[in-house]
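Just so it is clear, none of the values below were taken in a lab; they were calculated from the coordinates. Since the model is a prediction, treat every value here as computed from it, not as a measurement. Cβ: placed from backbone, ideal geometry, glycine included. Neighbour counts: every protein chain shown.
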Amino acid sequence: MQIDHLFPAGDAAGAPYIESRRAVDDALALISDHGDDAGFEAAIRAERSRSLGNAIQFCHWRQIERLIVLMMAREVVGTRH
């Protein structure tokens, strides 16, 4: 999976914000339940939340979608220590 276009070199601002352990747990649950389609499921949940006018849940699921992309990537993104 190519992710270079999502996080340009040196752009820490492009990395997803992880607001809580719940975000990681939600991402892991979707990966476990949906495999390679986990990101699509997160996107569906985000759109459903937006349709219902729930901006907080919309933002949550969009962040989960981005986090899933990183978690499933085979390459390191960002600063290496």
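If each of Glu47 and Val76 carries a label point 7 Å out from its Cα toward its Cβ, how far apart are those two points in nm?
3.6 nm
When a footprinting reagent is the concern and you count Cβ atoms within 10 Å, what order do Ile68, Ile56 take, fewest first?
Ascending Cβ contact count within 10 Å gives the list Ile56, Ile68.
Could you give the dipole magnitude of the stretch 20-72 about its Cα centre, charging the beta-carbon of Lys and Arg +1 and that of Asp and Glu -1, in debye to the nearest 20?
So the dipole magnitude of the stretch 20-72 works out to roughly 300 debye.
What ranking do 57-64, 25-32 get when scored by the average of other Cβ atoms within 10 Å per residue, highest first?
By packing density, highest mean first, the sequence is 57-64, 25-32.
Ser20 versus Asn54, label points 7 Å from Cα toward the beta carbon: distance in nm?
1.3 nm
Would you mind ranking Val24, Val69 by Cβ crowding within 10 Å, fewest neighbours first?
Val24, Val69
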